[in-house]
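Derivation of every value follows stated rules applied to the coordinates shown; laboratory data play no part. Keep in mind that what you see is a predicted model, and the values were worked out from it rather than measured. Using ideal geometry, Cβ is built from the backbone for each residue, glycine included, and neighbour counts are taken over all protein chains shown.
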Amino acid sequence: MRLETIAVHAGHEVDAATGAVAPAIHPSTTFERAPDGAYPRGHLYSRNSNPNRSALEACLAALEGGAAAAAFASGSAATSAVFQALAPGDHVVAPTDAYHGTLRLLRETFARWGLATTFVDMTEPGRVAEAVRPATKLVWVETPSNPLWKVVDLGAVAGIARRAGALLVCDNTTATPVLQSPFRHGADLVLHAATKYLNGHGDVMGGAVVARDPDGLFARVRAVQASGGAVPSSFDCWLTLRGIRTLPLRVRAHSAHALAVAEFLARHPRVEAVHYPGLATHPGHAVAARQMSGFGGMLSFEVRGGREAAMAVAARVRLVTRATSFGGTESLIEHRASIEGPGTRTPEGLLRLSVGLEHPDDLIADLDQALRDGDSDR
Ligand SMILES: Cc1ncc(COP(=O)(O)O)c(C=O)c1O
């Protein structure tokens, strides 16, 4: 079946007891045992499993073409579960450009847990080959990567990881399964912040790990999920599954709108650089065109004049909202360096834009007035 059909139907059955077509929400934390002590209906306690979570996990596995999925209370909880599934002394190769929270987890939390990490620029796969060691158990990729939308050649890095005896994890949050299928390029696990496009409406925190092989490292991720308990509520699972029903339509619209906005910004005299893999000028464009079926709804642009000029543009938008996060229906703009804080490598003049589902002409008009007003300020 094609992705649109999977998005609508996976993890969904008409309720046998009532005939309800839309799924029910099961807030129950516990489930009845049979007289013989067994659990014939499959659920025991909601930290271990819950009907809404199982439905979401089945849908996520189907969307990515994986064997199994584990849903978490946030993307970062899912990320942590992957690292917790490793053992102290293991080595990880991670990108220099990636979601700053993931990099902070590796630098601060998991360095203390005994994981050693080497950070490399993965746009050059040779750097990954140089970084792997006998203790390397995991190569972490995020592509396109937040906030510069750098593109990593998944097939090339997967080959290096395989030869090193390490597993490849791909954070597919930005591309989503609509635009990129990491398992087809050799990834072993796929990571999602469901907070973003999967739920898609800015009203749920969620995360997931999807596995090609349900055993091995994923079995330990599943154990961390049940014993650590960073699980999403049944309502959040229900909302995320509802969001996924329209995922393919939304992501294609986000992509089309982002391309239109990126092309406008690339022509604007007050814009120094536009980071969007859909532009032919982007260094990762050729790889993105090969491994993705669209370029996504996220872009960043650098305003001439650095931090002050960028902050002033963000202050002047009227339709776009100044807020962090991405992947929702409404467009968001963010001065990224100030949210990432000390030690950030993000350029001070950079604004990150989550291009929403508003008409792109209205977004362009808003950005145009925000950039133009700046001319009269000078
Ligand atoms: C690419 C990526 N991965 C993971 C995360 C973490 O997700 P969450 O905020 O749900 O913990 C984020 C958050 O922005 C992200 O952008």
Report summary line: Karplus ³J(HN,Hα) for the stretch 280-287 (6.51 cos²θ - 1.76 cosθ + 1.60, θ = phi - 60°; Hz, whole; x = Gly/Pro) runs 4, 7, 6, x, x, 4, 5, 5
**Report entry** Quotient of Cα Rg and 2.2 N^0.38 Å for the chain, N being how many residues it contains
**Finding:** 1.01
**Report entry** Pair-distance profile P(r), taking every C-alpha pair of the stretch 16-89, with 10 angstrom steps and integer %
**Finding:** 16, 36, 34, 12, 2, 0
Query raised in the report: Under the classification rounded if a/c is under 1.5, otherwise prolate if a/b is larger than b/c and oblate if not, where does the stretch 97-169 fall, given a ≥ b ≥ c as square roots of the Cα gyration tensor eigenvalues?
Result: oblate
Requested in this report: Could you tell me the convex hull volume per residue, in Å³, taken over the Cα atoms of the stretch 28-69?
Outcome: 67
Query raised in the report: From the square roots a ≥ b ≥ c of the eigenvalues of the alpha-carbon gyration tensor of the stretch 122-259, which class results: rounded (a/c under 1.5), prolate (a/b over b/c), or oblate?
Result: oblate
Query raised in the report: When the dipole is taken about the Cα centre of the chain, and only Lys, Arg (+1) and Asp, Glu (-1) are charged at their Cβ, what size is it in debye, to the nearest 20?
Result: 600
Query raised in the report: Going by average Cβ neighbours within 10 Å, how do the peptides 34-41, 253-260, 195-202, 242-249 rank, with the highest at the top?
Result: 195-202, 253-260, 242-249, 34-41
Report task. Work out how far the C-alpha atoms of the stretch 202-248 reach from end to end along every principal axis, then list the three figures in whole Å, largest first. Result -> 32, 24, 14
Query - Calculated from backbone phi, Karplus (6.51, -1.76, 1.60) coupling profile of the stretch 235-247 in Hz, x at Gly/Pro - result: 5, 5, 5, 4, 5, 5, 4, 5, x, 4, 4, 10, 3
**Report entry** Rounded to whole Hz, the Karplus (6.51, -1.76, 1.60) HN-Hα couplings of the stretch 256-264, x for glycine and proline
**Finding:** 5, 5, 5, 4, 4, 5, 4, 5, 4
Query raised in the report: What is the ratio of the Cα radius of gyration of the stretch 320-365 to 2.2 N^0.38 Å, where N is its residue count, to two decimals?
Result: 1.25
Query raised in the report: How big is the stretch 181-333 in terms of Cα radius of gyration and Dmax, in angstroms?
Result: 18.3, 54
**Report entry** Positive-end residue, the chain charge dipole about Cα centroid, Cβ charges, pick of ASN50, PHE183, ALA164
**Finding:** ALA164
Query raised in the report: When you count, for each residue, the other Cβ atoms within 10 Å and take the mean per peptide, how do 287-299, 271-283 rank with the highest first?
Result: 287-299, 271-283
Query raised in the report: Amide H neighbours of ALA194 under 5 Å, counting only residues 5+ apart in sequence or on other chains, H built in-plane at 1.01 Å?
Result: GLY75, GLY206, GLY207, ALA208
**Report entry** THR246 paired with THR118, simple spin-label distance in nm, labels 7 Å along Cα-to-beta-carbon
**Finding:** 4.6
Query raised in the report: Taking a ≥ b ≥ c as the square roots of the eigenvalues of the Cα gyration tensor of the stretch 139-183, is the shape rounded (a/c under 1.5), prolate (a/b larger than b/c) or oblate?
Result: prolate
Requested in this report: Measure nothing but the geometry: give the 0 to 90° angle between the long axis through the Cα atoms of 217-228 and the longest principal axis through the Cα atoms of the chain, rounded to 10°.
Outcome: 80
Query raised in the report: Is it possible to state the helix-based mean residue ellipticity at 222 nm for the chain, with each DSSP H run of 4+ residues giving -39500 (n - 2.57), the sum divided by total residues, to the nearest 500 deg cm²/dmol? What is it?
Result: -11000 deg cm²/dmol
**Report entry** the stretch 288-355: Rg to Rh, with Rh as the Kirkwood radius over Cα pairs
**Finding:** 1.01
**Report entry** Debye log10 I(q)/I(0) for the stretch 256-378, one point scatterer per Cα, at q = 0.09, 0.12, 0.17, 0.20 Å⁻¹
**Finding:** -0.23, -0.40, -0.83, -1.14
Report summary line: Taking Cα atoms, the helix 51-64 axis meets the longest principal axis of the chain at an angle in degrees (rounded to 10) of 60
Report summary line: Residues meeting the amide H criterion for GLU142 (H placed from the backbone, H to H distance under 5 Å, 5 or more places apart or on another chain) are ASP171
**Report entry** Reduced Cα scattering model of the stretch 29-155, Debye log10 I(q)/I(0), q = 0.11, 0.17, 0.20, 0.21 Å⁻¹
**Finding:** -0.52, -0.97, -1.17, -1.23
